[in-house]
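The values are calculated or read from the model by the stated rules, or taken from the named source; none is laboratory data. These numbers come from a predicted model, not from an experiment. Reconstructed Cβ throughout: ideal geometry from the backbone, glycine too, with neighbour counts over all protein chains shown. The area values use the complete protein model at the heavy-atom level, side chains included, leaving out ligands, DNA and RNA. Shrake-Rupley method; radii C 1.70, N 1.55, O 1.52, S 1.80 Å.
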Amino acid sequence: MNNSWLVNRHIIIWMIAAYFISLLMLLDYTPWWILPFSGVAIGWRWLYVIGKVSVFNRLAHHGLTLSAVAMLIVTSLNNGMMENMVNLLLLAYGLKFIELRQKRDVLVLVIVGMITIAVTFIYSEALTTTLVAAILVVLHLSILLSLHAPQMPWYKQLRTAAKIGALSLPLTASLFLVMPQIGPLWSISVASGATTGLSDNMSPGDIAQLRGSAKLAFSVIFDDEPVPEQQRYWRALVLDKFDGRQWQQREKRSRWLPYKDEVTWPDLSGEPSIKYRIIAKSSNQHWLFGLNVATSADNDVKSMADLTLKSSTPLASTTAYDVVSYPQLARKLTLSAAQRRYNLMVPADSNQKTKVWVEAQRVQFSSDLAFAQSVLRMFNEQPYFYTLEPPLLGDDSVDEFLFTTQRGFCSHYASAFTLMMRYANIPARVVTGYQGGEWNEEVKYLNVYQYDAHAWTEIWINGSGWVRVDPTANIHPDRVISSVEDDQAQPFLGANTFSLVRYKQTPWLNSLRLTLANIEFYWSRWVVEYNSEKQMKLLEMLLGKLTSLKVIVFTLALMSIIGVMLWWQSGFRWQRPTTKQRFELVYTSLITKMSRHGVIRQRHQTPNDYCQLVMARYPNITDEIQEFTDFYNRVKYQGVAGVSQQDVKHAKRLLMQLLKKI
């Protein structure tokens, strides 16, 4: 077995680095136990390379593999198919380090590494992901160069790999621009955790988990001036079913089936409106975001009866859609008897203290709105606290929150307020989404992050329709223990030590964060959001009115330019022949033309021998062929300093005189 490729230790270092970078990119979606299993295999491989350990024990190898498979099976019960496949890929990738015995094993490792790079784009299409993926591609190309050219210095291997990658960019960009843009051919279920976006149910503390994520949820581009910050309530889900602890949608729907409770709005041209475009990050869910009341003319966006927007298919990638919101439309809506009944339902035997309290207080107020305002005053005046880390609650979560802990997050206040309204015979429902966002004045767009996740309540008031009520906003500022803007909340906000959100108070770091956000925005808008519509506009701008012939010619011309560039970079050059070479070509021309007349020169024949052969065949050109041969010998063999342009012209003239007599 030839293991000479292992002489260069940097190939092992590159393989290890490639694995851990890939694992880091997928860390949010992989279980913790993959790291120790892979760490054992990779750690042993490095110790083996430096001569500290012997061959991996076969029994230990089998034990490690079986243990890893057992862990994979146990954790797969709670994961989606995609997560299980990714876990299997990363596990096999790490354990393969034990079996690096031959060159083909390294090739397998490189192939698995390239597949892992592709998998990362399932979860993220961010510019940072693309840049890291480019680095990984260069690393894997360097591994292949180390394998096949081990004598090449490591820095030359890296440089060559980078050059190969750079040469592929023009072709990649051209194919991206001109190839037909088609959607995904299939979808795969991806189980979503709390840090990847909103969930279709809400328990106390659920929204707080999202506050620990600094990931971008979506960006907004307004056609006109942005709406005031206090009106930026981005609705996503309506939760109208309560079991005493958890709020959820009344009807559980499969992500793969279309929504049936769609509504078609009448002509709204006379209504005051807000127009904007949303670029939503992938969530693998149907729900979309919009201000109240949101509508969209996009074919894949549906308007629902609960005034939310839904996508026809789960958002498997970054998706852009246009929205028109009508903030005054809600007051013109009606509430059916069935909708009223659904939004008054309460669990039978839970949170009885709250029920008794509401029944005693409700009789003191003549209107629904007056009672609702009294509850908000209670939150403001009595010792209720807002905190990012509230205490845990039991089964009667509302009772415990209202009368015992009195500390909570937006989900606590929205849940309690909604239940209190229902006990008071006021139709109410919980709405989850996002509140606020970060406006970029320079580029004119709004970024909404996961830590902007929020929950509030909507109550039905006759004559006003569904009215938004945010009970969390009524907490007295002196009783806000921590919020996302507080210094003490920074370790909680953004969770990751390297998240720049944690350092918003440092001017230069915050400036860097905003600059990176701008770059990411442009990347999403012009690259990730690039679709068939934008492709057609680009081609029309370049070619005018599009025809099949124009597109074909443009594509072929583009490919030809790239081909010439690659041909040039590969070292081929078109060089004009020197004067000496042109002189030789004249003699070669004589041989070629005479061979057509039956006089073929043999390899061993000198110019003089060939001259005799021609004279024997064509006596009438004896003087001409002799003069031509003497001139050729004199220029080439008799030490004349160089071949001049005049020599070439004279040789051509002698050749022409000779050929005329044949």
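Considering 559, 536, which residue is surrounded by 12 or more Cβ atoms within 10 Å (Cβ to Cβ), free of Cβ contacts under 8 Å to residues at least 12 places away in the same chain, under 32 Å from the mean Cα position of the chain (by Cα) and in a helix (DSSP H, G or I)?
On the way: 559 fails: free of Cβ contacts under 8 Å to residues at least 12 places away in the same chain.
Answer to the selection: 536.
Which residue out of 376, 369, 392, 388 is under 43 Å from the mean Cα position of the chain (by Cα), in a helix (DSSP H, G or I) and in contact (Cβ under 8 Å) with a residue 24 or more places away in the chain?
Working: 369 fails: under 43 Å from the mean Cα position of the chain (by Cα); 392 fails: in a helix (DSSP H, G or I); 388 fails: in a helix (DSSP H, G or I).
Matching residue, one of 376, 369, 392, 388: 376.
Quick one: would you say residue 429 is in contact (Cβ under 8 Å) with a residue 12 or more places away in the chain, surrounded by fewer than 20 Cβ atoms within 10 Å (Cβ to Cβ) and in contact with a strand residue (DSSP E or B) (Cβ under 8 Å, 6 or more places away or on another chain)? First the steps, then the outcome.
Values: in contact (Cβ under 8 Å) with a residue 12 or more places away in the chain: yes; surrounded by fewer than 20 Cβ atoms within 10 Å (Cβ to Cβ): no; in contact with a strand residue (DSSP E or B) (Cβ under 8 Å, 6 or more places away or on another chain): yes.
For residue 429, the condition - in contact (Cβ under 8 Å) with a residue 12 or more places away in the chain, surrounded by fewer than 20 Cβ atoms within 10 Å (Cβ to Cβ) and in contact with a strand residue (DSSP E or B) (Cβ under 8 Å, 6 or more places away or on another chain) - is not met.
So the check is Cβ under 6 Å with 6+ separation or different chains; which pairs have a first residue in the range 507-521 that's closer than 15 Å to residue 126 by Cα and a second one that's surrounded by 17 or more Cβ atoms within 10 Å (Cβ to Cβ) and of a type in the set (Ser, Thr, Tyr)?
Once the first residue is closer than 15 Å to residue 126 by Cα and sits in the range 507-521, its partners that are surrounded by 17 or more Cβ atoms within 10 Å (Cβ to Cβ) and of a type in the set (Ser, Thr, Tyr) give 521/219; 521/445.
Just wondering, is there one or more residues in the range 44-60 that are of a type in the set (Val, Ile, Thr), under 28 Å from residue 147 (Cα atoms), assigned to a helix (DSSP H, G or I) and open to solvent by 50 Å² or more (accessible area, probe 1.4 Å)? Give the derivation first.
Looking only at the range 44-60, we keep the residues that are of a type in the set (Val, Ile, Thr), and these are 49-50, 53, 55.
In the following step, the residues that additionally are under 28 Å from residue 147 (Cα atoms) were identified as 49-50, 53, 55.
Filter once more, keeping what is assigned to a helix (DSSP H, G or I): 49.
Imposing the further condition that a residue be open to solvent by 50 Å² or more (accessible area, probe 1.4 Å) reduces the set to none.
No: the range 44-60 contains no residue that is of a type in the set (Val, Ile, Thr), under 28 Å from residue 147 (Cα atoms), assigned to a helix (DSSP H, G or I) and open to solvent by 50 Å² or more (accessible area, probe 1.4 Å).
Answer yes if at least one residue in the range 491-510 is over 21 Å from residue 452 (Cα atoms), modelled with pLDDT under 85 and of a type outside the set (Asp, Glu), and no otherwise.
So in the range 491-510, the residues over 21 Å from residue 452 (Cα atoms) come out as 507-508.
Now restrict to residues that are modelled with pLDDT under 85: 507-508.
If we keep only those that are of a type outside the set (Asp, Glu) too, we end up with 507-508.
Checked the range 491-510: at least one residue is over 21 Å from residue 452 (Cα atoms), modelled with pLDDT under 85 and of a type outside the set (Asp, Glu).
Being closer than 12 Å to residue 41 by Cβ and not hydrophobic (A, V, I, L, M, F, W, C) is the filter here, so list the residues in the range 68-106 that pass it.
Those that are closer than 12 Å to residue 41 by Cβ and not hydrophobic (A, V, I, L, M, F, W, C): 93, 94, 96, 99.
A quick yes/no check of all residues on (1) touching a residue at least 40 places away in the same chain (Cβ under 8 Å); (2) open to solvent by less than 60 Å² (accessible area, probe 1.4 Å); (3) not hydroxyl-bearing (Ser, Thr, Tyr):
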{"site": "529", "(1), (2), (3)": "yes, yes, yes"}
{"site": "540", "(1), (2), (3)": "no, no, yes"}
{"site": "548", "(1), (2), (3)": "no, no, no"}
{"site": "554", "(1), (2), (3)": "yes, yes, yes"}
{"site": "570", "(1), (2), (3)": "no, no, no"}
{"site": "576", "(1), (2), (3)": "no, no, yes"}
{"site": "580", "(1), (2), (3)": "yes, no, yes"}
{"site": "596", "(1), (2), (3)": "no, no, yes"}
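When you scan the range 281-291, do you find a residue that is in contact with a helix residue (DSSP H, G or I) (Cβ under 7 Å, 6 or more places away or on another chain) and open to solvent by 30 Å² or more (accessible area, probe 1.4 Å), even just one?
no
Identify all residues within the range 1-48 that are more than 36 Å from the chain's Cα centre (by Cα) and at pLDDT below 85; write none if there are none.
1, 2, 3, 4, 7
Can you tell me which of (1) part of a helix (DSSP H, G or I); (2) open to solvent by less than 50 Å² (accessible area, probe 1.4 Å); (3) of a type in the set (A, V, I, L, M, F, W, C); (4) more than 30 Å from residue 172 (Cα to Cα) is the one residue 585 doesn't meet?
(2)
Going residue by residue through the range 646-658, is there one that turns out to be surrounded by fewer than 12 Cβ atoms within 10 Å (Cβ to Cβ), among the β-branched types (Val, Ile, Thr) and more than 30 Å from residue 168 (Cβ to Cβ)?
Looking for residues that are surrounded by fewer than 12 Cβ atoms within 10 Å (Cβ to Cβ), among the β-branched types (Val, Ile, Thr) and more than 30 Å from residue 168 (Cβ to Cβ), one finds none in the range 646-658, hence no.
Taking the stated definitions as given, is residue 591 among the aliphatic types (A, V, I, L, M), touching a Lys or Arg at 6+ places or on another chain (Cβ under 8 Å) and surrounded by 11 or more Cβ atoms within 10 Å (Cβ to Cβ)? First the steps, then the outcome.
Numbers: among the aliphatic types (A, V, I, L, M): yes; touching a Lys or Arg at 6+ places or on another chain (Cβ under 8 Å): yes; surrounded by 11 or more Cβ atoms within 10 Å (Cβ to Cβ): yes.
So residue 591 fits the description; yes.
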